[in-house]
Amino acid sequence: MNTEVIYSYFPLWLQNVACNYYSHQMTKLRFNQEFFSTLEWLRESQFWSEEKIREYKEEYVKRVIIHAYDTVPYYNSLFKINKLTPKDIRTLEDINKIPILTKEVYRNNKEKLISTTINSKNVYWGRTSGSTGKALEYGLSPNTIAFQWAIWWRFRERFGLKFGDKHLNFVGSKLIIPKNQAKPPYWRYFREQNQYIINMYQLRKEKIRAIVDFINNEDIKFFSGYPSNIYQFSLLVKEAGLSLVNPPQIVLTGGEKLQNFQIRAIQEVCKCRVLDHYGFCEAAGNASRCEHGRYHEDFEFGLLEPYNVTRISEKEFTGEILTTSFINTALPLIRYQVGDIATWNLEKCECGRKSSVITRIEGRVEDMILTPEGLRISRLDGVWDDTDNVVEAQIIQDRIDHVVLRVVKGENFTKKDENKVLRNAEMCLTSKMNIDIEYVDSSKMEKTAGGKFKAIISRIN
């Protein structure tokens, strides 16, 4: 029996104890002294001159490359094969000499990408959302986590928010509130972060009035979370004829592409501005909106490099995003191919920041599974947790109450792995969904007309 199942049997008071214990551990990791000192520095660095920014980027590119060459087996071998040394990388442009790191190469060489100077016990391990197939495992050094949260809080400060402001976070499939809970509260409170949590399973017609009443009785400064979840919340509020009499100051999203139709629906219900930031679990780069709505490269954290550039005009061009991590010494990524396309603009931004300006990011948009209960579930990476013997995977919905888990088996795949996948799927979906497994080879995995893989395909949406 896994931890989430055990947790679901706890009485409410014990769930709150468990939540706040977890919150305490996360607070120590995210919001320590390093976080506050980094945030103070970031408030100043965001207004550096172009010259100073370039100097910083070149310095950190050199640092990362030396560190990778000296301590990361994959990069040491890569450099030798390509007859390169760290001395060959003198400018930002010289980084083009280094071959691109694809997700396939990453997946096949994960152990070799870990720095030999890092104690694995001090590395935070997690998994990506799996938007390009089976999730990738990533590792972060503790300072990376604090630095990344400082970047995100700088972004929040631009819109008048302060650390410690009460906020509501709409999370994905984490079962902090058991999905079968029939009575309020459909939320949990993390005291140290002054944060309420609600997961997507609680966003249901029969629960929405209680959720709205709760929000209206709280002084919640902002909402955060996946745009698909906040969008679902907004649709339910509107359909129920309810309103937020105490709306948030702003809605900030991340983790998924924020769509224009989502913005419109959320703004109508929340009566405030809706903005997103760009980043990813591997923590190799980030871009945050400014007051004028443009993304700015968070250059302090990592390099966002345009690749396969197409010129639109004298001042504007598009390209794939390659990222190079500056902070993560545990598993440094150099010229990592994220799979997203962005539009860069060379014009100066009215906000006064001199870092690279990105006007548009075309992130991958996953399909959603629609359940008989009316839930829209988009992030289903939990289905593949602890399933190392699954080589590739895809979820297909062919009926409102039926999904097929399409799986490419590894050599050591057993009945135990199959049972694990099914249990995970049952946890991530709902009791009214029927689940089957179909074993296929890689050629049977569906792709878009452009040749891109989709982790979730719904034939009924």
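The values are calculated or read from the model by the stated rules, or taken from the named source; none is laboratory data. What you see is a predicted model; the values in this text were computed from it and never measured. Because the Cβ atoms are built from the backbone with ideal geometry, glycine has one as well, and the counts that use them run over all protein chains shown.
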Report yes if some residue within the stretch 239-261 is outside the structural domain of Leu113 (by TED's automatic domain parsing), out of contact with any strand residue (DSSP E or B) (no Cβ under 6 Å at 6 or more places or on another chain), closer than 29 Å to Gln337 by Cα and in a helix (DSSP H, G or I); otherwise report no.
yes
Among helices (runs of 4 or more DSSP H) entirely inside the stretch 25-102, those with 3 or more residues being in the same structural domain as Phe301 (by TED's automatic domain parsing) and under 24 Å from Thr116 (Cβ atoms) are 50-71, 73-81
Any idea how many residues of the stretch 405-429 are among the β-branched types (Val, Ile, Thr) and surrounded by fewer than 18 Cβ atoms within 10 Å (Cβ to Cβ)?
1
Can you name every residue in the stretch 119-145 that is within 26 Å of Ala455 (Cβ to Cβ), hydroxyl-bearing (Ser, Thr, Tyr), at pLDDT 85 or above and surrounded by 16 or more Cβ atoms within 10 Å (Cβ to Cβ)?
Tyr138, Thr144
So if I check each of Ser325, Ser356, which one is in contact with a Pro (Cβ under 7 Å, 6 or more places away or on another chain) and surrounded by 19 or more Cβ atoms within 10 Å (Cβ to Cβ)?
Ser325
Of the numbered conditions (1) assigned to a helix (DSSP H, G or I); (2) surrounded by fewer than 19 Cβ atoms within 10 Å (Cβ to Cβ); (3) in contact with an Asp or Glu (Cβ under 8 Å, 6 or more places away or on another chain), Phe159 satisfies every one except a single condition; which is it?
(1)
If you check Asn20 against the conditions, is it surrounded by fewer than 19 Cβ atoms within 10 Å (Cβ to Cβ), in contact (Cβ under 8 Å) with a residue 24 or more places away in the chain and either over 30 Å from Cys349 (Cα atoms) or not assigned by TED's automatic domain parsing to the domain that holds Arg191 (or both)?
yes
Among the residues of the stretch 229-253, how many are closer than 20 Å to Ala210 by Cα and under 18 Å from the mean Cα position of the chain (by Cα)?
3
Would you check which residues across the stretch 189-225 are crowded, with 21+ Cβ neighbours inside 10 Å, in a helix (DSSP H, G or I) and touching a residue at least 60 places away in the same chain (Cβ under 8 Å) and list them?
Met200, Tyr201
Condition set modelled with pLDDT under 95 and out of contact with any helix residue (DSSP H, G or I) (no Cβ under 9 Å at 6 or more places or on another chain), scope the stretch 249-290, selection nearest to Gly160 (Cα to Cα): answer is Tyr278
For Thr85, state whether it is surrounded by fewer than 20 Cβ atoms within 10 Å (Cβ to Cβ), β-branched (Val, Ile, Thr) and either touching an Asp or Glu at 6+ places or on another chain (Cβ under 7 Å) or within 21 Å of Leu304 (Cβ to Cβ) (or both).
no
Every listed condition ((1) touching a Leu at 6+ places or on another chain (Cβ under 9 Å); (2) part of a loop (DSSP other than H, G, I, E, B)) holds for Ile358 save (2)
Cβ-Cβ below 9 Å, separation at least six or inter-chain, first residue in the stretch 374-392 and on the phi < 0 side of the Ramachandran plot and assigned by TED's automatic domain parsing to the domain that holds Gly172, second outside any strand (DSSP E or B) and at pLDDT 80 or above: which pairs?
none
Being of a type in the set (D, E, K, R) and in contact with a strand residue (DSSP E or B) (Cβ under 6 Å, 6 or more places away or on another chain) is true for just one of Arg188, Arg209. Which residue is that?
Arg188
